[in-house]
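Quick one: structure below, then a few questions.
The values are calculated or read from the model by the stated rules, or taken from the named source; none is laboratory data. Remember, predicted model here, so these are calculated numbers, not experimental data. Counting neighbours? That spans all protein chains shown, and the Cβs are built from the backbone with ideal geometry, glycine included.
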Amino acid sequence: MSAAQWRRAMNSAAAAAAPTVRAPAARSVQALPSSAAETVPSWPGRWLARIRPRHIVVLAALIVYPFVASPFFTYQIGAQALALGLIALSLTFLGGYGGMVSLAQMTIAGVAGYGVAVFGTSSAAAISLGWPWWLASAVAIALATAFAAAVGWLSVRTEGIYTIMITLAIGVAFFYLAQQNYTVFNGFQGFNRAGAPEVLGTESRDPVAFYFTALACALAGYFLVRHLVRAPFGIALQGIRDNPRRMASLGYAVTAHRVAAYAVSGLLAAVGGVLMVWYNGRISPGTVNLGAMISILIIAVLGGMKHPIGAFVGAIVYVLLQNFAIDLFVRERFNLVIGAGFLAIVLFSPDGLLGLWAKLRSSLVKTQTPQQTRRQP
(Lines give C-alpha, C1' and ligand atoms only; values in the text may rest on other atoms or scores of the structure.)
Protein backbone atom coordinates (compact mmCIF):
# COMPACT_ATOMS: atom_id res chain seq x y z
CA MET A 1 0.00 0.00 0.00
CA SER A 2 1.39 3.31 -1.02
CA ALA A 3 1.62 6.32 1.26
CA ALA A 4 -1.12 8.12 -0.62
CA GLN A 5 -3.49 5.17 -0.31
CA TRP A 6 -2.68 4.96 3.42
CA ARG A 7 -3.57 8.63 4.00
CA ARG A 8 -6.86 8.24 2.08
CA ALA A 9 -7.79 5.20 4.13
CA MET A 10 -7.02 6.91 7.44
CA ASN A 11 -8.97 10.02 6.46
CA SER A 12 -12.02 8.00 5.43
CA ALA A 13 -11.90 6.02 8.68
CA ALA A 14 -11.65 9.15 10.79
CA ALA A 15 -14.56 10.70 8.95
CA ALA A 16 -16.69 7.62 9.52
CA ALA A 17 -15.84 7.50 13.23
CA ALA A 18 -16.43 11.17 13.87
CA PRO A 19 -19.88 11.98 15.32
CA THR A 20 -22.20 14.01 13.20
CA VAL A 21 -22.57 17.53 14.59
CA ARG A 22 -25.48 19.50 13.34
CA ALA A 23 -24.99 23.23 13.04
CA PRO A 24 -27.64 25.23 14.88
CA ALA A 25 -30.19 26.69 12.60
CA ALA A 26 -29.71 30.39 11.98
CA ARG A 27 -32.41 32.37 13.67
CA SER A 28 -33.51 35.62 12.17
CA VAL A 29 -36.13 38.11 13.12
CA GLN A 30 -38.39 36.72 10.40
CA ALA A 31 -38.07 33.14 11.79
CA LEU A 32 -39.09 34.24 15.28
CA PRO A 33 -42.70 34.12 16.39
CA SER A 34 -44.74 37.20 15.69
CA SER A 35 -44.78 38.21 19.36
CA ALA A 36 -40.97 37.98 19.60
CA ALA A 37 -40.45 39.82 16.31
CA GLU A 38 -42.65 42.65 17.52
CA THR A 39 -40.40 43.15 20.56
CA VAL A 40 -37.44 44.16 18.35
CA PRO A 41 -37.67 47.98 18.31
CA SER A 42 -36.95 50.04 15.24
CA TRP A 43 -34.51 52.94 15.30
CA PRO A 44 -37.18 55.56 16.19
CA GLY A 45 -38.25 53.32 19.06
CA ARG A 46 -34.68 53.01 20.31
CA TRP A 47 -34.25 56.80 20.25
CA LEU A 48 -37.56 57.37 22.02
CA ALA A 49 -36.58 54.81 24.66
CA ARG A 50 -33.50 56.88 25.54
CA ILE A 51 -35.50 60.07 26.13
CA ARG A 52 -35.73 61.01 29.81
CA PRO A 53 -37.84 63.70 31.49
CA ARG A 54 -34.74 65.85 31.98
CA HIS A 55 -34.16 65.85 28.22
CA ILE A 56 -37.65 67.21 27.62
CA VAL A 57 -37.17 69.86 30.31
CA VAL A 58 -33.84 71.01 28.84
CA LEU A 59 -35.25 71.14 25.30
CA ALA A 60 -38.28 73.11 26.46
CA ALA A 61 -36.01 75.55 28.33
CA LEU A 62 -33.87 76.06 25.22
CA ILE A 63 -36.95 76.81 23.11
CA VAL A 64 -38.51 79.21 25.65
CA TYR A 65 -35.19 80.95 26.47
CA PRO A 66 -35.15 83.60 23.68
CA PHE A 67 -38.72 84.65 24.48
CA VAL A 68 -37.99 85.39 28.14
CA ALA A 69 -34.39 86.64 27.86
CA SER A 70 -33.24 90.01 26.64
CA PRO A 71 -31.74 90.40 23.14
CA PHE A 72 -28.29 90.68 24.72
CA PHE A 73 -28.60 87.33 26.53
CA THR A 74 -30.26 85.73 23.51
CA TYR A 75 -27.63 86.80 21.00
CA GLN A 76 -24.46 87.54 22.93
CA ILE A 77 -24.72 84.65 25.40
CA GLY A 78 -27.02 81.96 24.03
CA ALA A 79 -26.26 82.08 20.31
CA GLN A 80 -22.52 82.58 20.78
CA ALA A 81 -22.34 79.68 23.25
CA LEU A 82 -24.14 77.38 20.80
CA ALA A 83 -21.79 78.30 17.93
CA LEU A 84 -18.64 77.91 20.03
CA GLY A 85 -20.03 74.73 21.57
CA LEU A 86 -20.48 73.22 18.11
CA ILE A 87 -16.81 73.85 17.31
CA ALA A 88 -15.79 72.44 20.70
CA LEU A 89 -18.04 69.43 20.03
CA SER A 90 -15.84 68.57 17.06
CA LEU A 91 -12.84 68.42 19.41
CA THR A 92 -14.84 66.43 21.98
CA PHE A 93 -15.70 63.82 19.36
CA LEU A 94 -12.15 63.69 18.07
CA GLY A 95 -10.39 63.65 21.43
CA GLY A 96 -12.90 61.96 23.71
CA TYR A 97 -13.90 59.12 21.37
CA GLY A 98 -10.93 58.99 19.01
CA GLY A 99 -8.09 59.78 21.40
CA MET A 100 -6.72 62.48 19.06
CA VAL A 101 -6.38 65.98 20.50
CA SER A 102 -6.26 68.54 17.70
CA LEU A 103 -5.56 72.24 18.02
CA ALA A 104 -6.62 72.88 14.42
CA GLN A 105 -10.40 72.82 14.98
CA MET A 106 -10.66 76.60 15.08
CA THR A 107 -8.51 76.69 11.95
CA ILE A 108 -11.00 74.40 10.18
CA ALA A 109 -13.81 76.68 11.32
CA GLY A 110 -11.81 79.62 9.98
CA VAL A 111 -11.45 77.93 6.58
CA ALA A 112 -15.24 77.64 6.43
CA GLY A 113 -15.63 81.24 7.56
CA TYR A 114 -13.23 82.57 4.96
CA GLY A 115 -15.00 80.42 2.38
CA VAL A 116 -18.32 82.09 3.17
CA ALA A 117 -16.74 85.53 2.78
CA VAL A 118 -14.81 84.68 -0.40
CA PHE A 119 -17.57 82.79 -2.22
CA GLY A 120 -20.40 84.96 -0.90
CA THR A 121 -20.63 88.71 -0.38
CA SER A 122 -18.58 91.00 1.83
CA SER A 123 -17.05 94.48 1.96
CA ALA A 124 -14.17 93.34 -0.30
CA ALA A 125 -16.18 93.29 -3.52
CA ALA A 126 -13.02 92.79 -5.60
CA ILE A 127 -12.37 89.44 -3.90
CA SER A 128 -15.80 88.06 -3.01
CA LEU A 129 -17.50 86.16 -5.82
CA GLY A 130 -21.06 87.09 -4.83
CA TRP A 131 -22.57 83.59 -4.88
CA PRO A 132 -25.93 82.97 -3.14
CA TRP A 133 -25.52 82.44 0.58
CA TRP A 134 -26.69 78.82 0.52
CA LEU A 135 -24.28 77.87 -2.27
CA ALA A 136 -21.38 79.75 -0.67
CA SER A 137 -22.06 78.11 2.70
CA ALA A 138 -22.32 74.61 1.20
CA VAL A 139 -19.06 74.99 -0.74
CA ALA A 140 -17.31 76.48 2.29
CA ILE A 141 -18.41 73.60 4.54
CA ALA A 142 -17.34 71.02 1.94
CA LEU A 143 -13.97 72.73 1.52
CA ALA A 144 -13.39 72.87 5.28
CA THR A 145 -14.36 69.20 5.66
CA ALA A 146 -11.85 68.23 2.96
CA PHE A 147 -9.23 70.38 4.71
CA ALA A 148 -9.96 68.56 7.99
CA ALA A 149 -9.52 65.19 6.27
CA ALA A 150 -6.16 66.40 4.92
CA VAL A 151 -5.11 67.50 8.41
CA GLY A 152 -6.10 64.08 9.71
CA TRP A 153 -4.18 62.31 6.94
CA LEU A 154 -1.05 64.21 8.00
CA SER A 155 -1.41 63.76 11.75
CA VAL A 156 -3.04 60.36 12.40
CA ARG A 157 0.24 58.50 12.06
CA THR A 158 1.49 60.22 15.22
CA GLU A 159 0.24 60.07 18.79
CA GLY A 160 0.20 62.23 21.90
CA ILE A 161 2.22 65.41 21.94
CA TYR A 162 3.31 64.94 18.32
CA THR A 163 -0.30 65.10 17.10
CA ILE A 164 -0.85 68.26 19.11
CA MET A 165 2.30 69.86 17.69
CA ILE A 166 1.43 68.98 14.07
CA THR A 167 -2.08 70.43 14.34
CA LEU A 168 -0.71 73.46 16.17
CA ALA A 169 1.81 74.03 13.37
CA ILE A 170 -0.96 73.77 10.75
CA GLY A 171 -3.09 76.29 12.67
CA VAL A 172 -0.25 78.79 13.07
CA ALA A 173 0.71 78.41 9.40
CA PHE A 174 -2.85 79.18 8.32
CA PHE A 175 -2.94 82.21 10.61
CA TYR A 176 0.17 83.72 9.01
CA LEU A 177 -1.08 82.80 5.54
CA ALA A 178 -4.35 84.65 6.15
CA GLN A 179 -2.52 87.62 7.65
CA GLN A 180 0.00 88.05 4.84
CA ASN A 181 -2.08 87.08 1.79
CA TYR A 182 -4.10 89.92 0.26
CA THR A 183 -5.22 88.22 -2.94
CA VAL A 184 -7.56 85.69 -1.33
CA PHE A 185 -7.73 86.50 2.40
CA ASN A 186 -7.44 90.33 2.20
CA GLY A 187 -4.57 90.39 4.68
CA PHE A 188 -4.92 91.55 8.27
CA GLN A 189 -8.09 93.50 7.44
CA GLY A 190 -10.10 90.38 6.65
CA PHE A 191 -13.68 90.68 5.43
CA ASN A 192 -16.39 92.92 6.85
CA ARG A 193 -20.16 92.89 6.28
CA ALA A 194 -20.14 89.12 5.80
CA GLY A 195 -23.23 88.78 7.93
CA ALA A 196 -26.07 86.29 8.04
CA PRO A 197 -28.42 86.13 5.05
CA GLU A 198 -32.02 87.24 4.89
CA VAL A 199 -34.46 84.34 4.61
CA LEU A 200 -38.21 84.79 4.03
CA GLY A 201 -38.00 88.46 4.83
CA THR A 202 -36.29 87.85 8.19
CA GLU A 203 -32.65 88.67 8.72
CA SER A 204 -30.90 85.68 10.21
CA ARG A 205 -28.81 87.94 12.40
CA ASP A 206 -31.92 88.95 14.29
CA PRO A 207 -31.33 87.70 17.89
CA VAL A 208 -34.25 85.26 17.99
CA ALA A 209 -33.82 84.04 14.41
CA PHE A 210 -30.08 83.54 14.75
CA TYR A 211 -30.52 81.82 18.10
CA PHE A 212 -32.87 79.23 16.62
CA THR A 213 -30.56 78.78 13.63
CA ALA A 214 -27.64 78.08 15.97
CA LEU A 215 -29.85 75.85 18.15
CA ALA A 216 -30.93 73.75 15.17
CA CYS A 217 -27.31 73.30 14.05
CA ALA A 218 -26.18 72.48 17.60
CA LEU A 219 -28.93 69.89 18.09
CA ALA A 220 -28.13 68.31 14.71
CA GLY A 221 -24.44 68.08 15.60
CA TYR A 222 -25.18 66.72 19.08
CA PHE A 223 -27.50 63.97 17.84
CA LEU A 224 -25.06 63.11 15.05
CA VAL A 225 -22.30 62.52 17.59
CA ARG A 226 -24.60 60.58 19.90
CA HIS A 227 -25.59 58.36 16.98
CA LEU A 228 -22.05 57.83 15.71
CA VAL A 229 -20.60 56.80 19.07
CA ARG A 230 -23.18 53.97 19.25
CA ALA A 231 -22.81 52.98 15.59
CA PRO A 232 -20.27 50.35 14.45
CA PHE A 233 -17.99 53.14 13.23
CA GLY A 234 -17.98 54.85 16.63
CA ILE A 235 -17.45 51.60 18.53
CA ALA A 236 -14.53 50.72 16.27
CA LEU A 237 -13.12 54.23 16.75
CA GLN A 238 -13.24 53.84 20.52
CA GLY A 239 -11.52 50.46 20.21
CA ILE A 240 -8.80 52.10 18.12
CA ARG A 241 -8.47 54.77 20.79
CA ASP A 242 -7.91 52.15 23.49
CA ASN A 243 -5.73 49.65 21.57
CA PRO A 244 -4.93 50.42 17.92
CA ARG A 245 -2.63 47.41 17.48
CA ARG A 246 -5.29 44.93 18.54
CA MET A 247 -7.89 46.57 16.30
CA ALA A 248 -5.46 46.43 13.38
CA SER A 249 -4.85 42.73 14.05
CA LEU A 250 -8.62 42.18 13.95
CA GLY A 251 -8.72 43.61 10.44
CA TYR A 252 -9.84 47.20 11.08
CA ALA A 253 -8.30 49.98 8.99
CA VAL A 254 -6.94 52.18 11.78
CA THR A 255 -5.74 55.02 9.57
CA ALA A 256 -8.98 55.14 7.57
CA HIS A 257 -11.11 55.28 10.73
CA ARG A 258 -9.01 58.09 12.14
CA VAL A 259 -9.11 60.13 8.94
CA ALA A 260 -12.89 59.62 8.77
CA ALA A 261 -13.13 60.86 12.38
CA TYR A 262 -11.22 63.99 11.37
CA ALA A 263 -13.63 64.51 8.48
CA VAL A 264 -16.68 64.20 10.77
CA SER A 265 -15.16 66.60 13.29
CA GLY A 266 -14.31 68.94 10.43
CA LEU A 267 -17.94 68.97 9.32
CA LEU A 268 -19.03 70.01 12.83
CA ALA A 269 -16.32 72.67 13.09
CA ALA A 270 -17.15 74.01 9.62
CA VAL A 271 -20.82 74.53 10.49
CA GLY A 272 -19.73 76.27 13.68
CA GLY A 273 -17.34 78.45 11.67
CA VAL A 274 -20.14 79.56 9.35
CA LEU A 275 -22.27 80.44 12.37
CA MET A 276 -19.42 82.46 13.90
CA VAL A 277 -19.02 84.49 10.69
CA TRP A 278 -22.73 85.20 10.66
CA TYR A 279 -22.57 86.08 14.35
CA ASN A 280 -19.65 88.50 14.10
CA GLY A 281 -20.48 89.81 10.62
CA ARG A 282 -16.78 89.64 9.78
CA ILE A 283 -13.73 87.40 9.77
CA SER A 284 -10.06 88.28 10.10
CA PRO A 285 -6.81 86.53 11.03
CA GLY A 286 -7.57 87.33 14.68
CA THR A 287 -10.44 84.85 14.48
CA VAL A 288 -8.01 81.96 13.93
CA ASN A 289 -5.04 83.07 16.01
CA LEU A 290 -3.35 81.01 18.71
CA GLY A 291 -5.61 82.32 21.45
CA ALA A 292 -8.73 81.23 19.58
CA MET A 293 -7.29 77.75 19.00
CA ILE A 294 -6.50 77.29 22.68
CA SER A 295 -9.91 78.65 23.69
CA ILE A 296 -11.63 75.75 21.90
CA LEU A 297 -9.44 73.31 23.82
CA ILE A 298 -10.29 75.06 27.09
CA ILE A 299 -14.03 74.91 26.34
CA ALA A 300 -13.89 71.19 25.53
CA VAL A 301 -11.87 70.31 28.64
CA LEU A 302 -13.92 72.62 30.83
CA GLY A 303 -17.17 70.82 30.02
CA GLY A 304 -15.79 67.30 29.78
CA MET A 305 -14.15 65.55 26.85
CA LYS A 306 -16.09 62.31 27.39
CA HIS A 307 -19.56 63.87 27.09
CA PRO A 308 -20.99 65.47 23.92
CA ILE A 309 -23.10 67.85 25.98
CA GLY A 310 -19.96 68.93 27.83
CA ALA A 311 -18.85 71.06 24.88
CA PHE A 312 -21.94 73.26 25.23
CA VAL A 313 -21.65 73.39 29.04
CA GLY A 314 -18.05 74.56 28.71
CA ALA A 315 -19.05 77.09 26.05
CA ILE A 316 -21.74 78.60 28.30
CA VAL A 317 -19.30 78.97 31.20
CA TYR A 318 -16.64 80.43 28.89
CA VAL A 319 -19.00 82.97 27.32
CA LEU A 320 -20.36 84.02 30.71
CA LEU A 321 -16.84 84.56 32.05
CA GLN A 322 -15.87 86.40 28.88
CA ASN A 323 -18.76 88.85 29.24
CA PHE A 324 -18.96 89.34 32.99
CA ALA A 325 -15.48 88.64 34.36
CA ILE A 326 -14.42 92.13 33.25
CA ASP A 327 -16.84 93.55 35.84
CA LEU A 328 -14.79 91.89 38.60
CA PHE A 329 -11.32 91.96 37.06
CA VAL A 330 -9.41 94.12 34.64
CA ARG A 331 -10.07 93.22 31.00
CA GLU A 332 -6.42 92.29 30.50
CA ARG A 333 -6.72 89.74 33.36
CA PHE A 334 -9.42 87.70 31.61
CA ASN A 335 -6.94 85.09 30.40
CA LEU A 336 -5.67 84.74 33.96
CA VAL A 337 -9.20 83.95 35.18
CA ILE A 338 -9.73 81.43 32.37
CA GLY A 339 -6.33 79.84 33.05
CA ALA A 340 -7.03 79.53 36.78
CA GLY A 341 -10.39 77.90 36.12
CA PHE A 342 -8.84 75.54 33.57
CA LEU A 343 -6.11 74.56 36.03
CA ALA A 344 -8.64 73.92 38.81
CA ILE A 345 -10.76 71.70 36.54
CA VAL A 346 -7.74 69.68 35.39
CA LEU A 347 -6.52 69.15 38.97
CA PHE A 348 -9.79 68.36 40.72
CA SER A 349 -11.94 66.91 37.93
CA PRO A 350 -10.13 65.67 34.80
CA ASP A 351 -13.56 64.85 33.32
CA GLY A 352 -14.62 68.49 33.41
CA LEU A 353 -17.64 70.07 35.05
CA LEU A 354 -19.86 67.11 34.17
CA GLY A 355 -17.39 64.78 35.85
CA LEU A 356 -17.46 66.97 38.94
CA TRP A 357 -21.26 66.87 38.91
CA ALA A 358 -21.19 63.08 38.62
CA LYS A 359 -18.87 62.85 41.63
CA LEU A 360 -21.19 65.06 43.69
CA ARG A 361 -24.21 62.92 42.73
CA SER A 362 -22.43 59.69 43.61
CA SER A 363 -21.31 61.09 46.97
CA LEU A 364 -24.88 62.17 47.76
CA VAL A 365 -26.16 58.71 46.87
CA LYS A 366 -23.54 57.07 49.08
CA THR A 367 -24.44 59.29 52.02
CA GLN A 368 -28.17 58.64 51.63
CA THR A 369 -27.88 54.86 51.19
CA PRO A 370 -26.57 54.06 54.74
CA GLN A 371 -29.33 56.18 56.27
CA GLN A 372 -31.98 54.26 54.35
CA THR A 373 -30.49 50.90 55.34
CA ARG A 374 -30.45 51.88 59.04
CA ARG A 375 -34.13 52.82 58.90
CA GLN A 376 -35.08 49.36 57.63
CA PRO A 377 -36.21 46.99 60.46
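Among the listed residues 194, 140, which satisfies the condition of being small (Gly, Ala, Ser), assigned to a loop (DSSP other than H, G, I, E, B) and closer than 30 Å to residue 74 by Cβ?
Numbers: 140 fails: assigned to a loop (DSSP other than H, G, I, E, B).
Criteria check complete, one pass: 194.
With the condition kept exactly as written, say whether any residue in region 314-325 is surrounded by fewer than 20 Cβ atoms within 10 Å (Cβ to Cβ) and at pLDDT below 75.
yes
Could you give me the residue pairs with C-beta distances under 8 Å whose first residue belongs to region 163-175 and is without any contact (Cβ under 8 Å) to a residue 40 or more places away in the chain, whose second residue is not in a helix (DSSP H, G or I) wherever it lies, and which are 6+ apart or on separate chains?
From region 163-175, the pairs are 166/158.
Mind checking which residues of region 237-250 are assigned to a helix (DSSP H, G or I) and either of a type outside the set (S, T, N, Q) or surrounded by 11 or more Cβ atoms within 10 Å (Cβ to Cβ) (or both)? Break it down stepwise before answering.
Here is the first cut: in region 237-250, the ones assigned to a helix (DSSP H, G or I) are 237-242, 244-249.
237, 238, 239, 240, 241, 242, 244, 245, 246, 247, 248, listed by residue number.
Among the residues of region 214-236, how many are within 14 Å of the chain's Cα centre (by Cα), surrounded by fewer than 15 Cβ atoms within 10 Å (Cβ to Cβ) and closer than 23 Å to residue 110 by Cβ?
The total comes to 1.
If you don't mind, there's one more thing I want to ask. Does residue 92 count as in contact (Cβ under 8 Å) with a residue 24 or more places away in the chain, farther than 24 Å from residue 262 by Cα, β-branched (Val, Ile, Thr) and in a helix (DSSP H, G or I)?
Judged against the criteria, residue 92 is not a match.
Rundown of residues vs (1) under 23 Å from residue 177 (Cβ atoms); (2) charged (D, E, K, R), yes/no style:
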position	(1), (2)
242	no, yes
245	no, yes
253	no, no
288	yes, no
